[in-house]
Amino acid sequence: MLWSGTTDLVAYLERGQARGHEPLAQIRRRIGIARNLAERADGGDGGGPDDGEPLYSVDEIRRVFARGKMRLAPEAVRYLWLLANLPDSGGLGTCRNLVVMATKVNESAAATLTEAMLRGVHRLLVSTRDYGLLQARMREQTQPAQAAAMAG
């Protein structure tokens, strides 16, 4: 049996075990290997957050969405790259939903999706509060990279 999920599921099961009751004990007992596939992005192997490496490259993001109905402007690719690599943001699934909806909204008016179009649709898909928190996290992610680029 192979299960694929987040380490949140394992943590949930372990918390129940620590409190003295076994939720889904049969499942917990069968978990032999538990790996956090996103650990390299958040420096989970002992390093700090600055030691993490992106899960996806800009080129990979470009290739994933290359066959869409609309082309992606370079700044749109960068926005999707930031979003896909932001821990707990939904990864490529969120990016896919964003591109699909942005395409539906904008395909009759333009041939290329821009960052502004993606941001506009993103605001429609989540609450104002969640959008604001996500944008703040995205800015935090870009600040260390910008500081390193300016120093080097």
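Select from region 63-86 the residues that are free of Cβ contacts under 8 Å to residues at least 12 places away in the same chain and more than 20 Å from Lys104 (Cβ to Cβ) and list them in ascending order.
Residues of region 63-86 that are free of Cβ contacts under 8 Å to residues at least 12 places away in the same chain, as a first pass: 63, 66-67, 74.
Answer for region 63-86, where residues must be free of Cβ contacts under 8 Å to residues at least 12 places away in the same chain and more than 20 Å from Lys104 (Cβ to Cβ): Arg63, Pro74.
Could you please let me know if Pro54 is assigned to a loop (DSSP other than H, G, I, E, B), buried (at least 16 other Cβ atoms within 10 Å of the Cβ) and free of Cβ contacts under 8 Å to residues at least 60 places away in the same chain? Working first, answer last.
On the way: assigned to a loop (DSSP other than H, G, I, E, B): yes; buried (at least 16 other Cβ atoms within 10 Å of the Cβ): yes; free of Cβ contacts under 8 Å to residues at least 60 places away in the same chain: yes.
Criteria met by Pro54.
Considering only region 90-123, state which residues are over 18 Å from the mean Cα position of the chain (by Cα) and among the hydrophobic types (A, V, I, L, M, F, W, C).
Val105, Ala109, Ala110, Ala111, Leu113, Ala116, Met117 - these are the residues of region 90-123 that are over 18 Å from the mean Cα position of the chain (by Cα) and among the hydrophobic types (A, V, I, L, M, F, W, C).
Filter region 85-105 down to the residues that are among the small types (Gly, Ala, Ser) and within 13 Å of Arg137 (Cβ to Cβ) and list them by number. Please lay out each step first, then the result.
Quick first cut of region 85-105, residues among the small types (Gly, Ala, Ser) only: 89-91, 93, 102.
Ser89, Gly90 - these are the residues of region 85-105 that are among the small types (Gly, Ala, Ser) and within 13 Å of Arg137 (Cβ to Cβ).
Looking at region 95-108 only, could you name the residues that are part of a helix (DSSP H, G or I) and more than 16 Å from Val58 (Cα to Cα)?
Looking only at region 95-108, we keep the residues that are part of a helix (DSSP H, G or I), and these are 95-106.
Residues satisfying the conditions are Asn97, Leu98, Val100, Met101, Ala102, Thr103, Lys104, Val105, Asn106.
Being buried (at least 18 other Cβ atoms within 10 Å of the Cβ) and assigned to a loop (DSSP other than H, G, I, E, B) is the filter here, so list the residues in region 110-124 that pass it.
Result: Thr114, single match.
What are the residues in region 59-109 that are more than 18 Å from Leu125 (Cβ to Cβ), loosely packed, with under 15 Cβ neighbours inside 10 Å and not charged (D, E, K, R), if any?
Ala66, Pro74, Ser108, Ala109
Every number in this text was worked out from the coordinates using simple rules, so none of it is lab data. Quick caveat: nothing in here was measured; it's all calculated off a predicted structure. Note that we place each Cβ from the backbone using ideal geometry, even for glycine, and neighbour counts take in every protein chain shown.
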